[in-house]
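Shown next, in structure tokens, is the structure this report addresses.
The values are calculated or read from the model by the stated rules, or taken from the named source; none is laboratory data. Computed from a predicted model, the values in this text were never measured in an experiment. For neighbour counting, all protein chains shown are included, and Cβ atoms are generated from backbone atoms with ideal geometry for every residue, glycine included.
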Amino acid sequence: MLVTTRSRAVRLGAFVAGAALLLSACSGGGGNSAVQTGQAFADCDANPNTCNAAPADQVQDGGDVTYAIEKNVPNWNVVSAEGNVFETGEVTKGILPYTFYATPDLKPVLNKDFVESADLTNPTTIVYKINPKAVWSDGTPLSADDFIYNWKIQNGAACKDCVVADTSGYDQLTSVVGSDGGKTVTATLSKPFTDWRKLWGSSGGMYPAHLAAQHGDTSSPEGLAASFKWFGATVPTWSGGPWKISKFVNNQSVTEVPNDKYWGAKPKLASVIFRIITDATQEPTALQNNEVQAIYPQPQVDLINQVKNMPNISSYVGLGLQWEHFDFNLKTPALSDKALRQALFTVVNRKDLIAKTVGQFTDKVQPLNNHNFMPQQAGYKDTISSTGQGTGDVEKAKKILTDAGYKLNGTTLTDPKGAVVPPLRIRYTVGNQIRQNECELFASAAAQLGVKVNVSSTDDLGTTTTTGDYDVIVFAWVSSPFPFGGAKQLWGTGQGSNYGKYTNPQVDNLMAEANTEPDQTKAATLLNQSDQLMSDDAYVLPLYQKPTFLAASDKIANLRNNSTLDAPVYNMSEWALRK
């Protein structure tokens, strides 16, 4: 998902695709409702899934929590390339049904409220048993029809005009059929899909087929596209989860209240208000003034220092499945040449960049050397160091250029045809000082090669990336625990989240092999082979695991960080106010 400030990953357009994790409070197993000031997250490192818990008799029913998000929601279709933004994923988390979600320990867990079971009965057959009580908020049963509709809009074939963030897995399904009155779903794959648990999971969520049918003929490509567009443009008044949206004020807030038709455990709170604060520097003030009770901003040095001094506020810094990176737009003529890309990435000094940005508030961040696995994951392998990229080696960068026929004359670089390399434009999300600094450091490094780089911001990362309105860009992917399908989404030829239009048939083939290899170790080897090729192609330079920062009132129990796409809102129904 794309991380604008965070785009979802699995994207997320973004963007981003997981989030991050690292500091915590309260008693791990769930003991005392009274917490020492500022210590609510004290044991989240040791007990990420249970920290800041409180027994039921020590929390109250009702009450409201206001949670800050950093982006407006211009598109409500989180499976679309444009709507696949981290904040949109947070807001829709409580209203969309999904098969699996990720807990703070980065493990996938079956959502038994929605599906009582999901079994891979053979390498190419998945059988889901939908909870017989599961209904949409208008009373329509959740059924195989919903699985079928969401497969059609995401498989890349049934609806060419449905521009989705990710087709991986869905494009391997040959049929999705219902039985037992639509409460049993049998999905058949053309070949094994390593990350089968990500299908219809929380990296996107499911949209209601019966409402889609009211806005387009779901048996035709045109009708599917019409319904797909309607879901993006329309604020949901429906829900298939424990929450429902009661009010949306554009550029201000989204208010959610319990869904009275929900068949599972009811939320403890009376409402959660997502307050839109696009200027992250204002979040600490809002927290201190009790205008919001929880913030999950892009961590900045000044911001973290402000929060640390606040009474009755706990905070947590962590690392997880969110990672920062520089991306090239390969449609930019000058950047279509690999030698220039390699040289620009080589002249970037990642250690220096870290020291001047996130290293100012944490010593845990190191250069990241893989595009698909994080250091905590078993498949992690260094595919970057051998290329020299990210080292700040100016002489090596110059040699790459001169070997390719470039000439550096003072502050001007000419290409092998004698033309001056034109200025490039690097972009970052507005209000993010760390990313602005990263762009300025990139520009300074590029100047050593005679390449001028202009720095500019964007207030709509999703549109900027999907339209390719950049030459170089910095943002973060927030990932799910499913690296194989996620890799295809981000790097596969023609994929909606492949914003820079990268293509390499060898990479496509290796990712496809990894996606169909049941043996996780073998699959990781194949994915890392593709990763090495992509590193050599110098399309995306991983910078570091992006720290996340959660700060909240000590009055809120059961709120904790989650280093995946599911974010702290993964258990929003359990949030409660201490008595």
Give the number of residues within the range 33-72 that are part of a helix (DSSP H, G or I) and closer than 26 Å to THR255 by Cβ. 1
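Just one of GLN300, GLN322 is under 30 Å from SER239 (Cα atoms) and either surrounded by 23 or more Cβ atoms within 10 Å (Cβ to Cβ) or of a type in the set (Asp, Glu) (or both); which is it? I'd like the intermediate steps shown before the answer.
Numbers: GLN300 fails: under 30 Å from SER239 (Cα atoms).
Selected residue: GLN322, the only one of GLN300, GLN322 that is under 30 Å from SER239 (Cα atoms) and either surrounded by 23 or more Cβ atoms within 10 Å (Cβ to Cβ) or of a type in the set (Asp, Glu) (or both).
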Selection count, the range 540-555, where residues are surrounded by 24 or more Cβ atoms within 10 Å (Cβ to Cβ) and either among the small types (Gly, Ala, Ser) or over 22 Å from THR357 (Cα atoms) (or both): 2
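Quick one: in the range 277-295, of everything that is assigned to a loop (DSSP other than H, G, I, E, B) and modelled with pLDDT under 95, which residue is surrounded by the most Cβ atoms within 10 Å (Cβ to Cβ)?
THR278
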In this structure, does TYR67 turn out to be closer than 22 Å to GLY204 by Cα, modelled with pLDDT under 95 and surrounded by 18 or more Cβ atoms within 10 Å (Cβ to Cβ)? no
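Surrounded by 20 or more Cβ atoms within 10 Å (Cβ to Cβ) and outside the structural domain of TRP196 (by TED's automatic domain parsing), is that true of ALA46?
Details: surrounded by 20 or more Cβ atoms within 10 Å (Cβ to Cβ): no; outside the structural domain of TRP196 (by TED's automatic domain parsing): yes.
Answer is no for this residue.
Which one of these is crowded, with 22+ Cβ neighbours inside 10 Å, at pLDDT below 95 and aliphatic (A, V, I, L, M): ALA165, ALA187?
That would be ALA165, the only listed residue that is crowded, with 22+ Cβ neighbours inside 10 Å, at pLDDT below 95 and aliphatic (A, V, I, L, M).
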Taking the condition over 21 Å from the mean Cα position of the chain (by Cα), assigned by TED's automatic domain parsing to the domain that holds ALA447, crowded, with 17+ Cβ neighbours inside 10 Å and closer than 21 Å to ASP531 by Cα, does THR362 pass? no
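Filter the range 73-93 for residues that are outside any helix (DSSP H, G or I) and among the hydrophobic types (A, V, I, L, M, F, W, C) and give the result.
Of the range 73-93, the ones outside any helix (DSSP H, G or I) are 73-85, 93.
VAL73, TRP76, VAL78, VAL79, ALA81, VAL85 - these are the residues of the range 73-93 that are outside any helix (DSSP H, G or I) and among the hydrophobic types (A, V, I, L, M, F, W, C).
Quick test for you: out of THR88, THR37, THR4, pick the one residue that is modelled with pLDDT under 80, crowded, with 24+ Cβ neighbours inside 10 Å and not assigned by TED's automatic domain parsing to the domain that holds ILE434. Lay out the reasoning, then the answer.
Numbers: THR88 fails: modelled with pLDDT under 80; THR37 fails: crowded, with 24+ Cβ neighbours inside 10 Å.
Criteria check complete, one pass: THR4.
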Checking GLN298, GLN306 in turn, the sole residue that is at pLDDT below 95 and in a loop (DSSP other than H, G, I, E, B) turns out to be GLN298
Check every one of the strands (runs of 3 or more DSSP E) wholly within the range 504-579 and list those with 2 or more residues that are under 20 Å from the mean Cα position of the chain (by Cα). 540-545, 548-553
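Against the condition among the β-branched types (Val, Ile, Thr), in the same structural domain as GLN376 (by TED's automatic domain parsing) and within 20 Å of ALA165 (Cβ to Cβ), how does THR493 come out, does it pass? Reasoning before the result, please.
Numbers: among the β-branched types (Val, Ile, Thr): yes; in the same structural domain as GLN376 (by TED's automatic domain parsing): yes; within 20 Å of ALA165 (Cβ to Cβ): yes.
Considered against the rule, which asks whether it is among the β-branched types (Val, Ile, Thr), in the same structural domain as GLN376 (by TED's automatic domain parsing) and within 20 Å of ALA165 (Cβ to Cβ), THR493 comes out as yes.
Among the residues of the range 487-503, write down those that are part of a helix (DSSP H, G or I) and touching a Phe, Trp or Tyr at 6+ places or on another chain (Cβ under 8 Å). Walk me through it before giving the result.
Going through the range 487-503, the residues part of a helix (DSSP H, G or I) turn out to be 487-491.
Within the range 487-503, LEU490, TRP491 meet the criteria.
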